[in-house]
Amino acid sequence: MTDKELWQSVLAQVQFTVSRANFATWFCNTEIVSNKNGKVSISVPNSFSREWLGNKYYSLILKILRSLERDVRLMEFIVNTETPLSIKKRVSLPEKQKVVDDSQLQFLEFKVNQKTNLNPRYTFNNFVVGGFNELAHAAGWAISENPGVNYNPLFVYGGVGLGKTHLLQAIGNRIASLFPEKEIKYTPSENFISGLVESIKNQEIGEFKKKLRKIDVLIMDDIQFLAGKEKTQEEFFHIFNSFHQNQKQIILSSDRLPNAIPALEERLRSRFAGGMMADIGIPDIETRIAILKSKCEEKDINLSQDVLEYIASNIQNNIREMEGALNRLVVFQKINQKMPDIQVAKKLLRTLLLSPKKATSFKKIMRIVSSFYDLEDKDLFLATRRKEIVKPRQIAMYLLRQELKESYPSIGRKFKGKDHTTAIYACEKIIKQLKEDDGLLTEINLIKQRLYSEV
Ligand code: ADP
Ligand code: MG
């Protein structure tokens with residue numbers, strides 16, 4: 001058997017054990033690149049795939065390989081930079097943009113397409129790709145070439161200000177240009193909810209659905225707002241199903257994983273998990289600088305490397321805030337007709353950078369943790385062992401310790417009737433679980449992002 005045939009046989013068997021969506025997501029663009037001395041190397045399109053396959057499918061693949069070739073002992077996944085979906089450089093800058101001045105940019109910002117609701121400002125051209133978003137980008141790009149076929153639904157999740165809306169709209173804009181005949185609709189989920197409620201009130205639900213049926217690509221942003229809205233979820237589920245059955249593309253975003261939206265109905269959740277889920281993490285410093293450079297080009301402003309580094313090292317987990325900082329410098333340059341140097345930049349950005357940093361508090365931790373898990377603030381203080389409360393409470397204790405450096409007895413006192421041993425137990429348990437459970441790690445990172453980005 002050649003390597004190619006061997007891999008074909010493995011894939012044929014894998015297909016029986018994983019869902020179609022998972023298969024398309026994780027096994028497309030994989031192949032055996034070497035097979036000697038009992039060691040098989042499999043190339044995958046990006047580092048995220050490598051991790052995912054390694055964690056979830058290692059033993060399955062190895063078992064199948066062994067059943068076909070007895071002397072296979074070892075297996076490794078390597079990232080192949082030649083596959084079409086992969087991003088060659090770790091950080092790729094978008095193509096050089098046509099120079100537009102700020103007033104034009106602001107004008108563009110308002111020129112939202114009436115029909116699709118898409119803002120032409122958000123494109124793939126000005127979307128910087130790095131390790132933090134490469135999977136989401138690759139999936140989005142693939143969808144725009146072939147909407148409705150592979151990754152359906154696409155579910156993009158990540159913290160605030162990290163590019164979910166930009167990516168969703170870029171996908172929509174690209175589909176619009178490649179498939180002018182397709183009807184595309186972008187809607188923040190809040191608008192969807194109010195539209196639905198309104199149509200029910202005016203007894204126009206039939207009309208509402210009729211309009212939806214015409215749509216080929218539905219892009220719904222920030223679906224965490226569906227949490228707790230039973231009736232809306234019910235309707236959404238039907239719409240979702242009919243889109244799915246008719247091979248119409250659905251693209252969703254949320255600031256948390258579907259299974260971290262407790263009120264979202266189970267059936268809805270399992271549907272999401274059946275498609276493609278891609279997270280957007282936090283860009284590293286070189287990517288943040290690359291993003292700033294690309295924004296400088298858009299805004300036609302020149303800033304020295306030390307100013308860019310200053311911004312990128314002080315604003316770490318919110319691209320929107322980085323842009324806010326940049327805008328201050330743009331205004332300065334416009335008014336004074338000169339480039340702000342590092343001293344000036346430090347002065348201009350002082351208020352912006354100082355305020356949010358350690359602006360977290362006991363109250364804020366309690367508020368953000370409880371809202372993340374769809375609980376009332378007071379629920380975390382209840383004397384109960386209910387699972388849906390115990391876990392958030394332990395996370396709150398862990399964050400009080402990590403973020404505020406509170407002592408264990410003081411943490412215990414804050415939760416009526418608990419002593420320091422309970423606090424120690426909670427923190428140690430979370431620390432231990434974090435080592436084993438990537439889902440928990442994602443949840444806590446998302447919570448932390450909110451702690452430092454919301455006021
Ligand atoms: P989210 O929807 O996740 O809160 P947005 O998509 O609104 O975030 O992004 C916030 C700002 O950051 C936008 O102005 C967007 O253009 C910019 N941005 C986010 N990600 C990128 C990226 N990868 N490349 C360039 N700009 C980005
Ligand atoms: Mg958004």
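The values are calculated or read from the model by the stated rules, or taken from the named source; none is laboratory data. Nothing here was measured: the structure is a model prediction, and the numbers come from that model. Neighbour counts run over all protein chains shown; Cβ positions are idealised from the backbone, glycine included. Just the protein is used for accessible areas: all its heavy atoms, side chains included, with ligands, DNA and RNA removed. Shrake-Rupley method; radii C 1.70, N 1.55, O 1.52, S 1.80 Å.
Quick notes on this one:
- Farthest towards the positive end of the charge dipole of the chain, among the residues Val44, Ile205, Asn246, is the Cα of Ile205, using unit charges on the Cβ of Lys, Arg, Asp and Glu.
- Carbon and sulfur %, accessible surface of the chain computed with the full protein complex present, 1.4 Å: 51
- Estimated from the Cβ-Cβ distance and a Förster radius of 30 angstrom, the FRET efficiency linking Thr17 and Lys435 is about 0.60.
- Placed amide H near Glu31: partners under 5 Å, 5+ positions off or other chain: Ser43
- Per-q log10 I(q)/I(0), the chain, q = 0.06, 0.08 Å⁻¹ (Debye; single scatterer per alpha-carbon; no solvent): -0.31, -0.56
- Counting Lys and Arg as +1 and Asp and Glu as -1 over every other residue whose Cβ lies under 15 Å from the Cβ of Arg413, the net charge comes to +3.
- Average accessible area per residue (Å²) across the chain - probe 1.4 Å, nucleic acids and ligands excluded: 50
- Three-way shape call for the range 124-197 based on the alpha-carbon gyration tensor, with the a/c threshold at 1.5: oblate
- A helix-only calculation puts the chain at -17500 deg cm²/dmol for mean residue ellipticity at 222 nm, using -39500 (n - 2.57) for each DSSP H run of at least four residues, averaged over all residues.
- Computed extension gain for Lys115 through Tyr58, at 0.36 nm per residue and net of the alpha carbon distance, reaches 15.9 nm.
- The modelled label-to-label distance for the pair Gln305/Arg413, using points 7 Å beyond Cα in the direction of Cβ, is 5.2 nm.
- Burial order of peptide ranges 173-183, 159-169 (average beta-carbon count within 10 Å, highest first): 159-169, 173-183
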